[in-house]
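Here's the structure, in C-alpha coordinates; my notes come after.
The values are calculated or read from the model by the stated rules, or taken from the named source; none is laboratory data. Everything quoted here is computed from the prediction, not taken from an experiment. FYI the Cβ positions are ideal-geometry reconstructions off the backbone, even for glycines, and counts take in every protein chain you see.
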Amino acid sequence: MFSLKKILVVGSANVDFVIGVRQAPELGETILCRSFRKTCGGKGANQAYACGRLGGDTAFLNAVGDDPLGGELVRNLQQANVDTRAIRTVDGVSTGMAVVCVDEKGNNSIIVIPGANNLCDVDYLRRNRARFEESDIVLLQMEIPFESVCYAVELASGLHKTVILNPAPAPDSLPDEVYAGLDYLTPTESEFKRLTGCPTDEVEELAVHCKPLLEKGTRNIIITLGSRGALHVNREGHTLYRPPEVQAVDTTAAGDTFNAALARELADGRSTEEAIVFANMASALAVSRVGAQDSIPSYEEVLDFKK
Ligand code: RIB
(Lines give C-alpha, C1' and ligand atoms only; values in the text may rest on other atoms or scores of the structure.)
Protein backbone atom coordinates (compact mmCIF):
# COMPACT_ATOMS: atom_id res chain seq x y z
CA MET A 1 0.00 0.00 0.00
CA PHE A 2 1.34 3.44 -0.95
CA SER A 3 1.96 6.32 1.48
CA LEU A 4 -0.82 8.91 1.88
CA LYS A 5 1.27 11.71 0.41
CA LYS A 6 3.42 11.83 -2.71
CA ILE A 7 7.23 12.03 -2.64
CA LEU A 8 9.31 13.54 -5.44
CA VAL A 9 13.02 12.68 -5.44
CA VAL A 10 15.29 14.88 -7.56
CA GLY A 11 18.86 13.68 -7.92
CA SER A 12 21.57 11.49 -9.40
CA ALA A 13 21.56 7.94 -10.73
CA ASN A 14 24.86 6.06 -11.03
CA VAL A 15 26.03 2.60 -11.83
CA ASP A 16 28.34 1.67 -8.95
CA PHE A 17 31.57 -0.25 -9.47
CA VAL A 18 32.06 -1.62 -5.98
CA ILE A 19 35.59 -2.65 -5.01
CA GLY A 20 36.06 -4.61 -1.79
CA VAL A 21 39.43 -4.01 -0.10
CA ARG A 22 40.99 -4.82 3.27
CA GLN A 23 41.90 -1.18 3.72
CA ALA A 24 41.56 1.83 1.39
CA PRO A 25 44.87 2.59 -0.42
CA GLU A 26 47.10 5.33 0.94
CA LEU A 27 48.37 8.14 -1.29
CA GLY A 28 50.70 6.70 -3.93
CA GLU A 29 49.88 3.10 -2.97
CA THR A 30 48.70 0.36 -5.38
CA ILE A 31 46.64 -2.49 -3.93
CA LEU A 32 44.74 -5.54 -5.18
CA CYS A 33 41.02 -5.75 -4.52
CA ARG A 34 39.30 -8.67 -2.75
CA SER A 35 36.03 -8.47 -4.69
CA PHE A 36 34.35 -6.53 -7.47
CA ARG A 37 30.65 -5.97 -8.32
CA LYS A 38 28.59 -3.70 -10.53
CA THR A 39 25.32 -2.47 -8.95
CA CYS A 40 22.65 0.23 -9.22
CA GLY A 41 23.40 3.33 -7.15
CA GLY A 42 23.52 7.13 -7.08
CA LYS A 43 22.27 9.07 -4.07
CA GLY A 44 19.14 10.25 -5.86
CA ALA A 45 18.26 6.85 -7.32
CA ASN A 46 19.07 5.09 -4.04
CA GLN A 47 16.72 7.43 -2.18
CA ALA A 48 13.98 7.07 -4.80
CA TYR A 49 14.40 3.28 -4.78
CA ALA A 50 14.31 3.22 -0.97
CA CYS A 51 11.19 5.42 -0.84
CA GLY A 52 9.51 3.02 -3.27
CA ARG A 53 10.65 -0.12 -1.44
CA LEU A 54 9.41 1.34 1.81
CA GLY A 55 5.97 1.93 0.29
CA GLY A 56 6.26 5.63 -0.54
CA ASP A 57 4.26 6.94 -3.50
CA THR A 58 7.40 8.08 -5.32
CA ALA A 59 8.40 9.80 -8.56
CA PHE A 60 11.98 10.51 -9.68
CA LEU A 61 13.46 13.38 -11.71
CA ASN A 62 16.90 12.73 -13.16
CA ALA A 63 18.87 12.35 -16.39
CA VAL A 64 20.53 9.20 -17.72
CA GLY A 65 22.48 8.51 -20.92
CA ASP A 66 21.14 6.50 -23.87
CA ASP A 67 23.50 3.63 -22.98
CA PRO A 68 22.58 0.21 -21.49
CA LEU A 69 23.55 1.42 -17.98
CA GLY A 70 20.80 4.07 -18.03
CA GLY A 71 18.20 1.44 -18.97
CA GLU A 72 19.37 -0.82 -16.15
CA LEU A 73 18.98 1.96 -13.57
CA VAL A 74 15.50 2.88 -14.76
CA ARG A 75 14.31 -0.76 -14.75
CA ASN A 76 15.61 -1.25 -11.21
CA LEU A 77 13.66 1.79 -10.01
CA GLN A 78 10.52 0.49 -11.71
CA GLN A 79 10.88 -2.75 -9.75
CA ALA A 80 10.53 -0.66 -6.58
CA ASN A 81 7.34 0.95 -7.99
CA VAL A 82 9.02 4.31 -8.62
CA ASP A 83 7.36 6.48 -11.28
CA THR A 84 10.19 6.91 -13.80
CA ARG A 85 8.16 8.50 -16.61
CA ALA A 86 9.77 11.93 -16.31
CA ILE A 87 13.38 10.68 -16.30
CA ARG A 88 15.31 12.39 -19.08
CA THR A 89 17.32 10.20 -21.48
CA VAL A 90 20.06 12.16 -23.22
CA ASP A 91 21.60 10.97 -26.50
CA GLY A 92 25.37 10.67 -26.74
CA VAL A 93 26.04 11.14 -23.03
CA SER A 94 27.09 8.41 -20.63
CA THR A 95 25.04 7.54 -17.57
CA GLY A 96 26.52 8.56 -14.21
CA MET A 97 28.95 6.11 -12.63
CA ALA A 98 30.68 5.77 -9.28
CA VAL A 99 33.70 3.91 -7.98
CA VAL A 100 32.85 2.71 -4.47
CA CYS A 101 35.67 1.37 -2.33
CA VAL A 102 34.47 -0.64 0.70
CA ASP A 103 36.95 -1.73 3.39
CA GLU A 104 36.71 -4.75 5.71
CA LYS A 105 34.99 -2.65 8.41
CA GLY A 106 32.24 -1.69 5.96
CA ASN A 107 33.44 1.93 5.57
CA ASN A 108 33.31 3.35 2.07
CA SER A 109 34.93 6.06 -0.03
CA ILE A 110 33.30 7.09 -3.28
CA ILE A 111 34.26 8.94 -6.45
CA VAL A 112 31.39 9.92 -8.76
CA ILE A 113 31.69 10.42 -12.53
CA PRO A 114 28.59 12.62 -13.04
CA GLY A 115 27.96 12.08 -16.80
CA ALA A 116 24.25 12.59 -17.52
CA ASN A 117 23.57 13.74 -13.94
CA ASN A 118 24.87 17.14 -15.05
CA LEU A 119 21.90 17.31 -17.43
CA CYS A 120 19.41 17.26 -14.58
CA ASP A 121 19.54 21.01 -15.18
CA VAL A 122 17.29 23.96 -14.37
CA ASP A 123 15.57 23.86 -17.78
CA TYR A 124 14.62 20.23 -17.32
CA LEU A 125 13.30 20.91 -13.80
CA ARG A 126 11.36 23.92 -15.07
CA ARG A 127 9.74 21.72 -17.74
CA ASN A 128 8.71 19.32 -14.96
CA ARG A 129 7.10 21.91 -12.71
CA ALA A 130 3.91 19.81 -12.68
CA ARG A 131 5.81 17.04 -10.90
CA PHE A 132 6.61 19.46 -8.09
CA GLU A 133 3.03 20.70 -7.99
CA GLU A 134 1.56 17.22 -7.61
CA SER A 135 4.01 16.16 -4.84
CA ASP A 136 3.84 16.80 -1.11
CA ILE A 137 7.43 16.10 -0.14
CA VAL A 138 10.52 16.94 -2.23
CA LEU A 139 13.75 15.10 -1.39
CA LEU A 140 17.08 16.33 -2.78
CA GLN A 141 20.80 15.60 -2.59
CA MET A 142 23.78 17.31 -4.24
CA GLU A 143 25.09 15.10 -7.06
CA ILE A 144 23.30 17.19 -9.72
CA PRO A 145 24.28 20.77 -10.70
CA PHE A 146 24.36 23.16 -7.74
CA GLU A 147 22.01 25.63 -9.47
CA SER A 148 19.49 22.81 -10.03
CA VAL A 149 19.42 22.09 -6.30
CA CYS A 150 18.94 25.81 -5.51
CA TYR A 151 16.18 26.09 -8.12
CA ALA A 152 14.39 22.95 -6.89
CA VAL A 153 14.45 24.17 -3.28
CA GLU A 154 13.09 27.57 -4.31
CA LEU A 155 10.36 26.05 -6.48
CA ALA A 156 9.28 23.43 -3.93
CA SER A 157 9.27 25.77 -0.95
CA GLY A 158 7.39 28.41 -3.00
CA LEU A 159 4.75 25.74 -3.62
CA HIS A 160 4.66 25.03 0.18
CA LYS A 161 5.98 21.49 -0.16
CA THR A 162 7.94 19.78 2.62
CA VAL A 163 11.55 20.14 1.45
CA ILE A 164 14.32 17.78 2.61
CA LEU A 165 17.90 18.46 1.52
CA ASN A 166 20.53 15.80 2.12
CA PRO A 167 23.66 17.91 1.41
CA ALA A 168 25.75 15.07 0.02
CA PRO A 169 28.38 15.67 -1.14
CA ALA A 170 28.53 18.88 0.90
CA PRO A 171 29.55 22.17 -0.70
CA ASP A 172 31.57 24.72 1.32
CA SER A 173 28.41 26.77 1.81
CA LEU A 174 24.77 27.09 0.79
CA PRO A 175 22.94 30.32 -0.13
CA ASP A 176 20.75 31.84 2.60
CA GLU A 177 17.67 31.39 0.37
CA VAL A 178 18.29 27.63 0.34
CA TYR A 179 18.49 27.47 4.14
CA ALA A 180 15.30 29.52 4.32
CA GLY A 181 13.45 27.03 2.10
CA LEU A 182 14.31 23.87 4.01
CA ASP A 183 12.06 21.94 6.35
CA TYR A 184 14.83 19.40 6.92
CA LEU A 185 18.59 19.56 6.37
CA THR A 186 20.14 16.10 6.86
CA PRO A 187 23.96 16.17 6.73
CA THR A 188 26.34 13.56 8.02
CA GLU A 189 28.73 14.76 10.70
CA SER A 190 31.46 15.48 8.14
CA GLU A 191 29.05 17.27 5.79
CA PHE A 192 27.83 19.38 8.71
CA LYS A 193 31.41 20.28 9.66
CA ARG A 194 32.11 21.31 6.08
CA LEU A 195 29.00 23.51 5.90
CA THR A 196 29.44 25.19 9.28
CA GLY A 197 33.09 24.85 10.25
CA CYS A 198 32.04 23.13 13.49
CA PRO A 199 35.33 21.80 14.91
CA THR A 200 34.17 18.86 17.04
CA ASP A 201 31.76 15.95 16.89
CA GLU A 202 30.53 16.54 20.43
CA VAL A 203 26.71 16.59 20.50
CA GLU A 204 26.29 19.86 22.48
CA GLU A 205 28.75 21.61 20.17
CA LEU A 206 27.03 20.32 17.03
CA ALA A 207 23.71 21.64 18.37
CA VAL A 208 25.23 25.08 19.03
CA HIS A 209 26.54 25.23 15.46
CA CYS A 210 23.02 24.55 14.15
CA LYS A 211 21.77 27.86 15.54
CA PRO A 212 22.91 30.12 12.64
CA LEU A 213 21.25 27.75 10.16
CA LEU A 214 18.02 27.73 12.16
CA GLU A 215 18.17 31.53 12.23
CA LYS A 216 18.41 31.51 8.42
CA GLY A 217 15.07 29.69 8.40
CA THR A 218 15.80 25.95 8.25
CA ARG A 219 13.12 24.32 10.40
CA ASN A 220 14.90 21.07 11.39
CA ILE A 221 18.45 19.80 11.17
CA ILE A 222 19.11 16.08 11.51
CA ILE A 223 22.80 15.20 11.69
CA THR A 224 23.41 11.50 11.02
CA LEU A 225 26.22 10.26 13.25
CA GLY A 226 26.66 6.67 12.05
CA SER A 227 26.61 4.17 14.91
CA ARG A 228 26.00 7.04 17.39
CA GLY A 229 22.58 7.71 15.90
CA ALA A 230 20.85 10.84 14.60
CA LEU A 231 20.87 14.26 16.28
CA HIS A 232 17.69 16.27 15.73
CA VAL A 233 18.00 20.02 16.33
CA ASN A 234 15.32 22.67 15.98
CA ARG A 235 14.32 25.89 17.74
CA GLU A 236 12.87 23.91 20.67
CA GLY A 237 16.14 22.09 21.45
CA HIS A 238 17.99 18.95 20.49
CA THR A 239 17.60 15.17 20.91
CA LEU A 240 19.94 12.31 20.07
CA TYR A 241 18.17 9.20 18.74
CA ARG A 242 20.29 6.08 19.23
CA PRO A 243 20.10 3.39 16.54
CA PRO A 244 19.79 -0.36 17.13
CA GLU A 245 23.13 -2.15 17.28
CA VAL A 246 23.99 -4.18 14.18
CA GLN A 247 27.10 -5.72 12.66
CA ALA A 248 28.09 -3.22 9.92
CA VAL A 249 29.22 -4.89 6.71
CA ASP A 250 28.74 -2.07 4.19
CA THR A 251 27.70 1.51 4.97
CA THR A 252 26.98 2.36 1.29
CA ALA A 253 23.46 3.84 0.94
CA ALA A 254 22.89 3.88 4.71
CA GLY A 255 22.39 7.66 4.57
CA ASP A 256 20.21 7.29 1.48
CA THR A 257 18.03 4.76 3.30
CA PHE A 258 17.79 7.08 6.32
CA ASN A 259 16.63 10.02 4.20
CA ALA A 260 14.14 7.96 2.23
CA ALA A 261 12.70 6.38 5.36
CA LEU A 262 12.35 9.81 6.95
CA ALA A 263 10.48 11.10 3.87
CA ARG A 264 8.33 7.97 3.69
CA GLU A 265 7.17 8.28 7.29
CA LEU A 266 6.52 12.02 6.97
CA ALA A 267 4.46 11.11 3.89
CA ASP A 268 2.17 9.10 6.15
CA GLY A 269 1.76 12.01 8.55
CA ARG A 270 4.14 10.73 11.25
CA SER A 271 5.90 13.21 13.53
CA THR A 272 9.57 14.06 13.00
CA GLU A 273 10.45 12.00 16.09
CA GLU A 274 8.58 8.92 14.85
CA ALA A 275 10.10 9.31 11.39
CA ILE A 276 13.65 9.45 12.83
CA VAL A 277 13.12 6.30 14.90
CA PHE A 278 11.89 4.48 11.78
CA ALA A 279 14.76 5.88 9.67
CA ASN A 280 17.32 4.67 12.23
CA MET A 281 15.87 1.14 11.97
CA ALA A 282 15.83 1.17 8.17
CA SER A 283 19.42 2.41 7.84
CA ALA A 284 20.67 -0.07 10.48
CA LEU A 285 19.23 -2.85 8.32
CA ALA A 286 20.90 -1.39 5.19
CA VAL A 287 24.28 -1.24 6.97
CA SER A 288 24.04 -4.91 7.88
CA ARG A 289 23.82 -5.89 4.18
CA VAL A 290 26.17 -5.50 1.21
CA GLY A 291 25.42 -3.05 -1.63
CA ALA A 292 23.59 0.19 -2.39
CA GLN A 293 20.05 -0.37 -3.70
CA ASP A 294 20.27 -4.12 -3.05
CA SER A 295 20.85 -3.45 0.68
CA ILE A 296 17.66 -1.40 1.15
CA PRO A 297 14.94 -3.10 3.24
CA SER A 298 11.22 -3.25 2.49
CA TYR A 299 8.63 -1.59 4.75
CA GLU A 300 7.65 -4.98 6.24
CA GLU A 301 11.28 -5.81 7.03
CA VAL A 302 11.65 -2.56 8.98
CA LEU A 303 8.40 -3.16 10.88
CA ASP A 304 9.53 -6.71 11.75
CA PHE A 305 12.91 -5.39 12.90
CA LYS A 306 11.16 -2.83 15.14
CA LYS A 307 9.28 -5.55 17.07
O1 RIB B 1 25.26 7.15 -1.15
C2 RIB B 1 25.83 6.12 -1.88
C3 RIB B 1 25.92 6.49 -3.33
O4 RIB B 1 26.81 7.58 -3.48
C5 RIB B 1 26.47 5.41 -4.24
O6 RIB B 1 25.47 4.55 -4.69
C7 RIB B 1 27.21 6.19 -5.31
O8 RIB B 1 26.67 6.05 -6.59
C9 RIB B 1 27.20 7.64 -4.85
O10 RIB B 1 26.24 8.40 -5.48
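What tally of residues in the stretch 130-156 results from selecting those that are touching a helix residue (DSSP H, G or I) at 6+ places or on another chain (Cβ under 7 Å) and surrounded by fewer than 21 Cβ atoms within 10 Å (Cβ to Cβ)?
Step one: list which residues in the stretch 130-156 are touching a helix residue (DSSP H, G or I) at 6+ places or on another chain (Cβ under 7 Å), which gives 132, 137-145, 147-148, 150-156.
Of the ones still in play, those that are also surrounded by fewer than 21 Cβ atoms within 10 Å (Cβ to Cβ) are 132, 145, 147, 150-151, 154.
Final tally of qualifying residues: 6.
Here's the yes/no breakdown for (1) over 18 Å from CYS101 (Cα atoms); (2) at pLDDT 95 or above:
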| position | (1), (2) |
| --- | --- |
| MET1 | yes, no |
| VAL9 | yes, yes |
| ALA24 | no, no |
| THR30 | no, yes |
| GLY41 | no, yes |
| ARG53 | yes, yes |
| PHE60 | yes, yes |
| VAL64 | yes, yes |
| ASP67 | yes, yes |
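Tally the residues that are touching a Leu at 6+ places or on another chain (Cβ under 9 Å) and within 15 Å of the ligand (Cβ to nearest atom), restricting the search to the stretch 39-64.
Total meeting the criteria: 13.
Hey, any hits in the stretch 150-162 for a residue that's under 22 Å from ARG235 (Cβ atoms) and out of contact with any strand residue (DSSP E or B) (no Cβ under 9 Å at 6 or more places or on another chain)?
Narrowing the stretch 150-162 to residues under 22 Å from ARG235 (Cβ atoms): 153, 156-157, 160-162.
Checking the rest, the ones that are also out of contact with any strand residue (DSSP E or B) (no Cβ under 9 Å at 6 or more places or on another chain) come to 160.
So far as the stretch 150-162 goes, yes, one or more of its residues are under 22 Å from ARG235 (Cβ atoms) and out of contact with any strand residue (DSSP E or B) (no Cβ under 9 Å at 6 or more places or on another chain).
Hey, PRO25 hits all of (1) part of a loop (DSSP other than H, G, I, E, B); (2) within 16 Å of the ligand (Cβ to nearest atom) but one; which does it fall short on?
Going through the list (1) part of a loop (DSSP other than H, G, I, E, B); (2) within 16 Å of the ligand (Cβ to nearest atom), PRO25 breaks only (2).
Based on what the data block shows, is VAL302 of a type in the set (A, V, I, L, M, F, W, C) and surrounded by fewer than 17 Cβ atoms within 10 Å (Cβ to Cβ)? Outline the logic, then answer.
Numbers: of a type in the set (A, V, I, L, M, F, W, C): yes; surrounded by fewer than 17 Cβ atoms within 10 Å (Cβ to Cβ): no.
It is false that VAL302 is of a type in the set (A, V, I, L, M, F, W, C) and surrounded by fewer than 17 Cβ atoms within 10 Å (Cβ to Cβ).
Mind telling me which of the residues GLY70, GLY55 ends up being under 26 Å from ALA263 (Cβ atoms) and within 17 Å of the chain's Cα centre (by Cα)? Outline the logic, then answer.
Working: GLY70 fails: within 17 Å of the chain's Cα centre (by Cα).
Sole residue among the options that is under 26 Å from ALA263 (Cβ atoms) and within 17 Å of the chain's Cα centre (by Cα): GLY55.
If the requirement is being outside any loop (DSSP other than H, G, I, E, B) and either acidic (Asp, Glu) or within 15 Å of the ligand (Cβ to nearest atom) (or both), which of these qualifies: ALA261, ALA248?
Testing whether each residue is outside any loop (DSSP other than H, G, I, E, B) and either acidic (Asp, Glu) or within 15 Å of the ligand (Cβ to nearest atom) (or both) leaves just ALA261.
Could you pull out the residue among VAL15, VAL102 that is at pLDDT below 95 and buried (at least 24 other Cβ atoms within 10 Å of the Cβ)?
VAL102
Within 16 Å of the ligand (Cβ to nearest atom) and out of contact with any Ser or Thr (no Cβ under 9 Å at 6 or more places or on another chain): is that true of PHE36 in this structure?
Numbers: within 16 Å of the ligand (Cβ to nearest atom): yes; out of contact with any Ser or Thr (no Cβ under 9 Å at 6 or more places or on another chain): yes.
Taking the combined requirement at face value, the residue satisfies it.
Being within 15 Å of the ligand (Cβ to nearest atom), in a loop (DSSP other than H, G, I, E, B) and more than 30 Å from PHE305 (Cα to Cα) is the requirement here; does ALA170 meet it? First the steps, then the outcome.
Details: within 15 Å of the ligand (Cβ to nearest atom): yes; in a loop (DSSP other than H, G, I, E, B): yes; more than 30 Å from PHE305 (Cα to Cα): yes.
So ALA170 passes the test.
Residues are listed down the side, and each one gets a yes or a no for (1) at pLDDT 95 or above; (2) surrounded by fewer than 17 Cβ atoms within 10 Å (Cβ to Cβ); (3) closer than 26 Å to MET142 by Cβ:
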| residue | (1), (2), (3) |
| --- | --- |
| LEU240 | yes, yes, yes |
| GLY255 | yes, no, yes |
| PHE278 | yes, no, yes |
| LEU285 | yes, no, yes |
| LYS306 | no, yes, no |
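Under 9 Å between Cβ atoms, which residue pairs at least 6 apart in sequence (or on different chains) link something in the stretch 46-57 that is on the phi > 0 side of the Ramachandran plot with a partner that is of a type in the set (Phe, Trp, Tyr)?
If the second residue must be of a type in the set (Phe, Trp, Tyr), the pairs left are GLY55/PHE2; GLY55/TYR299.
List every residue pair whose Cβ atoms lie under 9 Å apart, where the two residues are 6 or more positions apart in sequence or sit on different chains, the first residue falls within the stretch 144-161 and is more than 14 Å from ASP123 (Cα to Cα), and the second residue, located anywhere, is among the hydroxyl-bearing types (Ser, Thr, Tyr).
Taking only residues 6 or more apart or on different chains, the pairs are ALA156/SER135; ALA156/THR162; LEU159/SER135; LYS161/SER135.
Can you find even one residue in the stretch 54-67 that is under 12 Å from ASP16 (Cβ atoms) and either part of a helix (DSSP H, G or I) or of a type in the set (Gly, Ala, Ser) (or both)? Give the steps one after another, and end with the answer.
First pass over the stretch 54-67, keeping only residues under 12 Å from ASP16 (Cβ atoms): none.
Scanning the stretch 54-67 turns up no residue that is under 12 Å from ASP16 (Cβ atoms) and either part of a helix (DSSP H, G or I) or of a type in the set (Gly, Ala, Ser) (or both).
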